[in-house]
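A short worksheet on the structure shown next.
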Amino acid sequence: MSAEKKRQYAELAAQLSALIEGEPYPIANAANMAALIYHGLPELNWAGFYFADGQDQLVLGPFQGKPACVRIAWGQGVCGTAAARRQTIVVPDVHEFPGHIACDPDSRSELVVPLLQGERVLGVIDLDSPLRGRFDDADRIGCERLVAILSAHHRDWRDGSGWVDARNPATASG
């Protein structure tokens, strides 16, 4: 990881930890994380979340950027593929990714990191850039670290379809 990217992601990690400390509501924390990444990393045109709606599709969550596709089928596009595989995907050129879904025609590269609770996928965070080859392994490592911070803060999320926070009786079911 380059020294500059390492510093950048260390700052983002510290800022994210401070932003979510004491806040139990996962959607608020996801919204702040999307804004933090969008405004904290250069050359992005979209940063946001898709949440699992059952095990067959992802639904749009908090994001920064142009309006986006609302639902993505499991296994389709970069987001659906990352969710189905339960692994991060870095795509240097989205036009070369089979089945890419062009929510924003200006996007040229993409990075998608799944949010996992054990083996269950709660959702993904998706970063898009208008530059081909924008994301590298340093970005993968940095974003996986950010997702780990968010996930550790909400260890008791038990429903990926709405990110129900089990600590909040108003949203917990059964």
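What follows is calculated from the coordinates using simple rules that are stated; it is not laboratory data. What you see is a predicted model; the values in this text were computed from it and never measured. Here the Cβ positions follow ideal geometry from the backbone for every residue, glycine too, while neighbour counts run over all protein chains shown.
Taking a ≥ b ≥ c as the square roots of the eigenvalues of the Cα gyration tensor, an a/c ratio of 1.5 or more together with a/b larger than b/c marks region 1-86 as prolate.
To the nearest 20 Debye, how big is the dipole of the chain about its Cα centre, given +1 on the beta carbon of each Lys and Arg and -1 on that of each Asp and Glu? Before the final figure, lay out each step's value.
Working: 16 positive and 22 negative charges, 43 e Å.
Using only the charged Cβ atoms, the result is roughly 200 debye.
Other residues lying with their Cβ under 12 Å from the Cβ of SER107 contribute a combined charge of -3, Lys and Arg counting +1, Asp and Glu -1.
Net charge near SER17: determine it from the other residues with C-beta under 13 Å of the C-beta of SER17, scoring Lys and Arg +1 and Asp and Glu -1. Walk me through the numbers on the way to the answer.
Numbers: positive: ARG145; negative: GLU11, GLU21, GLU23.
Value of the local net charge: -2.
Ordered by the count of other Cβ atoms within 10 Å of each Cβ, fewest first, TYR9, TYR38 give TYR38, TYR9. Computed on region 1-160, the Cα convex hull volume stands at 95 Å³ per residue. 3J(HN,Hα) along region 83-98, derived from phi through the Karplus expression 6.51 cos²θ - 1.76 cosθ + 1.60 where θ = phi - 60°, amounts to 5, 5, 7, 6, 8, 5, 10, 10, 10, x, 9, 5, 6, 9, 8, x Hz, with x in place of Gly and Pro.
Could you work out the relative contact order of region 3-156? I mean the mean sequence separation of Cα pairs under 8 Å and 6+ apart, divided by the number of residues, in percent. Walk me through the intermediate numbers first.
Details: 294 pairs, mean separation 36.5, N = 154.
Reported relative contact order: 24 percent.
Ordered by the number of other Cβ atoms lying within 10 Å of each residue's own Cβ, fewest first, LEU58, LEU16 fall into the sequence LEU16, LEU58. Counting Lys and Arg as +1 and Asp and Glu as -1, what is the net charge of the other residues whose Cβ lies under 13 Å from the Cβ of ALA148? Neighbour charge sum, excluding ALA148 itself: +2. When the chain is treated as a GNM with alpha-carbon contacts under 10 Å, the residue of LEU19, LEU122, LEU44 showing the greatest mean-square fluctuation is LEU19.
Counted by neighbouring Cβ atoms within 10 Å, the residues CYS79, CYS143, CYS103 run from fewest to most as CYS103, CYS143, CYS79.
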